[in-house]
Amino acid sequence: MTGHSAWQALIDRLDHLQDAGQSVDFWLRDDDAVEPTAALHRLLDLTERFSVPATLAVIPAYTDERLARCVAGRRGISVAVHGWSHENHASAGEKRQELGAHRPSGAIVGELSTGYARLRMLFPAAFVPLLVPPWNRIDAGVVAELSNIGFRALSVFGPEAAGKAAALRRPELAFINTHVDVMDWRGTRGGRDHAMLVHEILRRLDEVSDGEGTVGILTHHLVHDESVWAFLSKLFEITASHPACRWRSVADLIGR
């Protein structure tokens with residue numbers, strides 16, 4: 001499937017949903033925000049142009065009032081807690097984790113509590129009680145403590161009902177995942193092939209065809225190349241005004 005035919009397949013699928021009187025919710029999560037940068041401004045300008053709400057997963061240990069001032073003047077921006085310092089505590093040879101079982105849970109909970117309070121203070125209007133674990137990994141023992149801190153939702157990567165994600169479920173927490181990652185982390189470390197990305201969106205649409213769930217798009221503004229920016233522009237162009245699509249803020253999804 002070529003890039004053009006893939007985009008046409010997405011348009012056709014959305015048209016079919018519209019004809020059936022159905023719609024689908026999209027949401028955008030962008031990780032690793034710390035300070036205003038040219039890349040962050042580019043992302044915010046792009047989402048604002050298409051009225052697409054964006055959730056910034058902010059690293060509490062390293063952010064400050066500069067980002068708060070940047071976000072305060074923007075529409076449709078939510079701020080979530082992205083761990084504490086995005087530091088890897090896993091042993092050599094293990095997948096990277098900050099919120100794993102490598103440290104006492106009390107130490108992790110203490111850091112998350114501090115990060116929660118810090119971001120709520122810095123971003124009083126934009127803050128949402130959502131935890132985004134660095135590298136999308138978190139120990140189940142830590143998840144059990146999240147509601148005591150004040151978190152109402154957790155976001156990792158992948159289908160909410162599958163594998164490890166399902167094992168993390170807690171009745172007091174909403175699970176609001178991302179499902180399509182624009183970055184080719186294991187290859188070029190640039191943007192992934194557009195046709196493949198659209199294929200994954202279509203596959204996710206199959207999973208939520210009954211009206212349950214969302215299509216979560218995952219970005220990392222600091223490492224975007226021109227391919228990523230082009231993909232996002234085209235995706236927003238097609239979806240933002242289509243009657244079968246609703247770009248939702250995570251605050252709405254949580255029900256804040």
message: Using the Karplus curve 6.51 cos²θ - 1.76 cosθ + 1.60 with θ = phi - 60°, what ³J(HN,Hα) values do you get for each residue of the stretch 91-98, in whole Hz, with x for Gly and Pro?
response: 6, 4, x, 8, 5, 5, 8, 9
Taking the stretch 99-177 and dividing mean pair separation by its residue count, relative contact order in percent (alpha carbons under 8 Å, at least six apart): 30 percent
- prompt: What is the distance, in nm, between label points placed 7 Å from the Cα along the Cα-to-Cβ direction at Q8 and at A101?
  reply: 5.2 nm
task: With a Förster radius of 25 Å, plug the Cβ-Cβ distance of E172 and V208 into 1/(1 + (r/R0)^6) and report the FRET value to the nearest 0.05.
output: 0.60
message: Please list, ordered by chain and number, the residues whose modelled amide H lies under 5 Å from the amide H of G190; skip anything fewer than 5 residues away on the same chain.
response: D184
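What percent does the relative contact order of the stretch 1-75 come to when contacts are Cα pairs within less than 8 Å and at least six residues apart? Before the final figure, lay out each step's value.
Values: 50 pairs, mean separation 24.6, N = 75.
The value is 33 percent.
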query: For A117 and A161 in the same chain, what is the full-extension length gain: residue separation times 0.36 nm, less their Cα-Cα distance, in nm?
result: 12.8 nm
- line: Taking Cα pairs closer than 8 Å and at least 6 residues apart, the relative contact order of the stretch 114-221 in percent is 20 percent
query: Modelled label-to-label distance, A38 and D184, 7 Å Cα→beta-carbon offset: nm?
result: 2.3 nm
task: Quote to one decimal, in nm, the extra length available between H199 and H89 on full extension: 0.36 nm per residue of separation minus the C-alpha distance between them.
output: 36.1 nm
statement: Amide H neighbours of G100 at under 5 Å, excluding residues fewer than 5 places away on the same chain, with H built from the backbone geometry, are D139
query: Using a Förster distance of 22 Å, how high is the FRET efficiency between I238 and S147, based on the Cβ-Cβ distance and rounded to 0.05?
result: 0.05
- request: Compute the separation of the alpha-carbon centres of the stretch 20-41 and the stretch 119-140 and state it in Å as a whole number.
  value: 15 Å
- prompt: Once phi is turned into ³J(HN,Hα) by the Karplus curve 6.51 cos²θ - 1.76 cosθ + 1.60 with θ = phi - 60°, what whole-Hz value does each residue of the stretch 214-223 show in order, with x for glycine and proline?
  reply: 10, 9, x, 9, 10, 10, 9, 3, 5, 10
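Can you pull the percent of the chain's accessible area that's carbon plus sulfur, 1.4 Å probe, other chains left in place?
On the chain, the fraction of accessible area on carbon and sulfur atoms equals 49 percent.
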- request: Can you pull the one-decimal nm distance between simple spin-label points at S51 and A125, each 7 Å off the Cα toward Cβ?
  value: 1.8 nm
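The values are calculated or read from the model by the stated rules, or taken from the named source; none is laboratory data. Values in this document were obtained by computation on a predicted structure and should not be read as measured data. All Cβ positions, glycine included, derive from the backbone under ideal geometry; neighbour counts span all protein chains shown. Please note that ligands, DNA and RNA were not included when accessible areas were found on the heavy atoms of the full protein model with its side chains. Shrake-Rupley method; radii C 1.70, N 1.55, O 1.52, S 1.80 Å.
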